[in-house]
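A short write-up of the structure that comes next.
The values are calculated or read from the model by the stated rules, or taken from the named source; none is laboratory data. Since we're looking at a predicted model, the values are computed, not measured. Cβ coordinates were reconstructed from backbone atoms using ideal geometry, including for glycine residues, and neighbour counts include every protein chain displayed. Calculation scope for accessible area: heavy atoms of the full protein, side chains included, ligands and nucleic acids excluded. Shrake-Rupley method; radii C 1.70, N 1.55, O 1.52, S 1.80 Å.
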Amino acid sequence: MDNPPPVNAPELQRTPLFDAHVRLGGQMVEFAGWHMPVQYQGRGLVAEHLATRSAVGLFDVSHMGEIIVQGPGAEAEVNRLVSNDVSKLGDGDACYALLCHAHGGTVDDLYVYRLEADRFLLVVNASNAAKDFAHMVQNARHPGIFANRSGDFAQIAVQGPNAARLLRRVAPGEAIGLPRNRVRVHAFDGGDLLVATTGYTGESGFEIYCAPDQAERLWFALLDAGADLGVSPVGLGARDTLRLEMGYPLYGNELDDHTNGYEARVGWAMRPKKAGGFIGSDPLLQVLAQGPARKLVGLELTDRGVPRAEYPVLHQGQPVGKVTSGTHSPSLKKPVALAYVPADLSAPGTPLAIDVRGQPKAAVVVPFPFVTPLPSNPLD
Amino acid sequence: MAIPSNLRYTHDHEWARDEGDGTCTVGVTDFAQENLGGVVYVELPAVGTAVKAGARFGTVESTKSVSELYAPVAGRVVAVNEALQGEPELVNSDAFGQGWMVRIQVEAADALAGLMDGTGYEAHVAAAAH
């Protein structure tokens, strides 16, 4: 077997939960310049994945980047930069959006939270935080209102049908029971938490932003309070398979500087016709009018094997596209993949093949998402 | 984590057991299966395939990753564990037993002596973990 990569790289950053992961048996790997747990000993990716789908999972996502935009004109600035229509958000509302290049390619995907009028929290991918901040400052009319505050926030995601029950025991407050894409302040242990009804697993649940020195107390409070609710810490491995089962794009796999949101099937987060448009909206309007030449699809392998990123997708023996993410779905117990294919081969039911290390394996286009999450369990 | 003392080990976390009849049975270690996570697919060579020491002879796939299998010794494959086609999770539940992968007719009688013993492998794993 190939040796696991070395983990004792001192140049890697540590989240405030590093010690907690080590204590819980986290298998630490390098991810985007950070030491992160890929899975936990005695649990493992599949168990962690299934615990999130059936009960509740805890994720350390403190590596994510946080950018605060605050001051007069903040809303207009954010709205010029991101693809979704931020002017539709009220205080305490949130939306998913893309940050686009002038040519329509994607700088990053992000979450936009309107905390108050003219105070926004933008949450971006760890690997892109510096690039995103530079892009924002370069393109802003008032760059002084942007601040990269990534070091001031830890983030814990609580995801799954028992998430609301669990959070109510530890940090009750207004966000519990709200629909998706809201954010509220809850009290915890003498401090404030920003509790958002967002996440990237497909499950109902929360993403909680807190001060770094609160993170460990909150993490263990959630673990301790959730024992009878089936709570499990969840590593990056299951975070990836959970989002893959939903068909959610991951920057670096399904999205990059030369891929647009229509190709990646997040057209629902694109508002190129909004008043004033946004950086990149002109070329994206053309894509919208003509339809993208290639599209992200879900593929299910009907042969044995496991598809992985970069494997060629074949149509009648000829390469027509590439797998961007692939795994053996823990929920479906089947091999599944996300892949870019020409638009005319993207309809569900289209028979294709995936070249798995030289062997063509039969596959078929299936609709997103691969799985339908359970509803949130009622509060007791 | 189990490291049976009657087996020989490679740096790539395969084990080999001398069957005393010129063949050895090969699998991956407990350390390997724990790092892989849930094994979902094992690709093994056909019976009769010649293998070279240190060369790839198969692939083990988990939900998390794909990993190559390297032959501990040179020889010819005389049996493969067909049960892994239907139950690849045997690699996780019984890495040193029902999770075995291939049996190799060893080319050089003393080939296994060149591999690590349990004590050596334990030190190798301890080094890999730090």
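Ordered by 1.4 Å accessible area with all protein chains kept, B:Glu61, B:Glu82 run largest first as B:Glu82, B:Glu61.
Burial of accessible area (probe 1.4 Å, heavy atoms of protein chains only) in the stretch B:59-90, relative to its chain alone, reaches at least 50 Å² for B:Glu61, B:Thr63, B:Lys64. Using C-alpha pairs below 8 Å separated by at least 6 residues, the relative contact order for chain A is 17 percent. Computed with a 1.4 Å probe over protein heavy atoms only, the accessible area of B:Thr29 comes to about 0 Å². In the context of the full set of protein chains, residues of the stretch A:65-151 present 35 Å² of accessible surface per residue (probe radius 1.4 Å, heavy atoms only).
Restricting attention to the protein assembly as shown, lysine pairs at least eight places apart or on different chains and with alpha-carbon atoms under 23 angstrom apart total 15. Inter-chain neighbour count for A:304-313: the average number of beta-carbon atoms from partner chains within 10 Å of each residue's beta-carbon is 3. More than 16 Å apart: what percent of Cα pairs in the stretch A:145-193 qualify? Taking all Cα-Cα pairs of the stretch A:145-193, the fraction more than 16 Å apart is 49 percent. Sorting the Cα pairs of the protein assembly as shown by distance into bins of 10 Å, from 0 upward, gives 4, 18, 26, 25, 17, 8, 3, 0, 0 percent per bin. Take each residue of peptide A:39-49, count the partner chain Cβ atoms within 10 Å of its Cβ, and average: the result is 4.
Computed over Cα pairs, the Kirkwood radius of the stretch B:1-113 leads via Stokes-Einstein (0.890 mPa s, 25 °C) to a diffusion coefficient of 179 µm² per second.
Computed on chain B, with alpha-carbon pairs under 8 angstrom and 6+ residues apart, the relative contact order is 31 percent. Peptide A:241-249 is shielded by partner chain Cβ atoms: per residue, an average of 0 of them sit within 10 Å of its Cβ. Ordered by 1.4 Å accessible area with all protein chains kept, A:His186, B:His124, A:His103 run largest first as A:His103, B:His124, A:His186. Most tightly packed first, judged by the mean number of other beta-carbon atoms within 10 Å of their residues, the peptides A:296-308, B:16-28 read A:296-308, B:16-28.
Using the Cβ of A:Gly202 as centre and a radius below 12 Å, the other residues enclosed give a net charge of +2, where K and R count +1 and D and E count -1. Just the number, please: carbon plus sulfur as a percent of the accessible area of the protein assembly as shown, 1.4 Å probe, no ligands or DNA/RNA counted. C and S atoms contribute 52 percent here.
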